[in-house]
Amino acid sequence: MARELAAACVAAALVALCAAALGVAAQPPAPRPLPSNYQMITPGRYKRDQQLACDNPKDNKAKCMAKCDKRCPNQCIVLCPGCKTFCMCDFYPGVSCGDPRFTGGDGNNFYFHGKKDQDFCILSDAGLHINAHFIGKRNPAMSRDFTWIQALGIRFAGHHRLYLGAQRTARWSDDVDRVELAFDGAPVSVPAEAGAAWESAAVPGLTVARTAAANGVRVQLRGAFDIVANVVPVSDEDSRVHGYGVAEDDCLAHFDLGFRFFGLTDDVHGVLGQTYRSDYVNQLNVSSKMPVMGGAPSYVSSDIFATDCAVARFGARRAGIAMVTGAESS
């Protein structure tokens, strides 16, 4: 009898352990925090040589000096000690920077130019839809616009809408915050100091935290997305080198973005979204210096919150719409 009772107890314990393990497995992964030893450098438009001194308290060596790489002259992350420098575009697995260069869920880089003053579906899934508003400049010598992402419109949980935008500005200053936020049509205000945060009372797990006193935020919805957004200008130097033609009355303030997603279905779509599918086949020339994803008409949305792009999945589990991965025809 004692032996049978002991066996029953062991069996019950195993069942409990299995149930607990399944419960843990069912939980969405927690967003990875930025390293505790990171610091941000924001040299600004006219102070590209600004440096940061990193000290290692464990040795007596002189402080190393870090400065932003030429690829991200306006803002970068420095990990101390060691002075290892990252562009925001290098730090997150899904990113969009500059004349939008994306890093897909498959790890490959590609460009998507879109068109200025239009909205494009970046990601669309059953419970999450993200559009990006593009601003830009026309180069008469080219058949396309130079474009940058100026705003995101995020739909989730059926009816909720989160707006994240970079305000237009003529002349850039690191000290002037250009981030604009709104949730369900109401402005979101976050104190202008690094680490300050806002948390939604209506949606548990929805937070906005400042990564810098101005122009840097991290937007998270637990179990759904983690977005780091930094407002940066098009510098005079970049305009001169690339022929952007930046005017005196508009520095083309835009976002450098880092994305992480959780719990996506295998039917996810959109410019970036499709690269997270298990059946995604990258047909771009990844060895090219500038692989470009075409098919822009498939991603056009009628406004920043619209879910009417040709590849929309939001609100329903649909399948059968082919992935658009072909190279741009122009």
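The numbers here are math on the coordinates, done by the rules we state, and not lab data. Note that the coordinates shown come from a computational prediction; the quantities given were computed from them, not determined experimentally. Glycine gets a Cβ as well: all are built from the backbone with ideal geometry, and neighbour counts include every protein chain shown.
Collect residues whose amide H, placed 1.01 Å from N in the peptide plane, falls under 5 Å from the amide H of residue 126; neighbours closer than 5 in sequence don't count.
Answer set, sorted by chain and number: 265.
Can you work out ³J(HN,Hα) from phi for every residue in the stretch 298-314, in order, using Karplus 6.51 cos²θ - 1.76 cosθ + 1.60 and θ = phi - 60°, giving whole Hz and x for Gly and Pro?
Once θ is set to phi - 60°, the couplings for the stretch 298-314 become 5, 10, 5, 10, 6, 7, 4, 10, 5, 10, 10, 5, 4, 9, 4, 10, 4 Hz.
I'd like the FRET efficiency for residue 69 and residue 175, computed as 1/(1 + (r/R0)^6) with the beta carbon distance as r and R0 of 22 Å, rounded to 0.05.
Efficiency at R0 = 22 Å is approximately 0.45.
Per residue of the stretch 64-70, in order, report the coupling 6.51 cos²θ - 1.76 cosθ + 1.60 (Karplus, θ = phi - 60°) as ³J(HN,Hα) in whole Hz, putting x for Gly and Pro.
My calculation for the stretch 64-70 gives 8, 10, 10, 9, 5, 5, 5 Hz in order.
Given H placed on each backbone N at 1.01 Å, which residues far from residue 105 in sequence or on other chains put an amide H within less than 5 Å of it?
275, 276
Each residue of the stretch 269-277 in order: what ³J(HN,Hα) in whole Hz does its phi give by Karplus 6.51 cos²θ - 1.76 cosθ + 1.60, θ = phi - 60°, with x for Gly and Pro?
9, x, 3, 8, x, 4, 6, 9, 6
Given H placed on each backbone N at 1.01 Å, which residues far from residue 213 in sequence or on other chains put an amide H within less than 5 Å of it?
194
Set the bar at 27 Å for Cα to Cα. Now go through 67/137; 70/116; 70/137; 84/116 and name every pair that lies beyond it.
From 67/137; 70/116; 70/137; 84/116, over 27 Å: 67/137; 84/116.
When a footprinting reagent is the concern and you count Cβ atoms within 10 Å, what order do 254, 133 take, fewest first?
133, 254
Exposure proxy check: 138, 101, 210 ranked by fewest other beta carbons within 10 Å?
Fewest to most other Cβ atoms nearby, the residues stand as 138, 101, 210.
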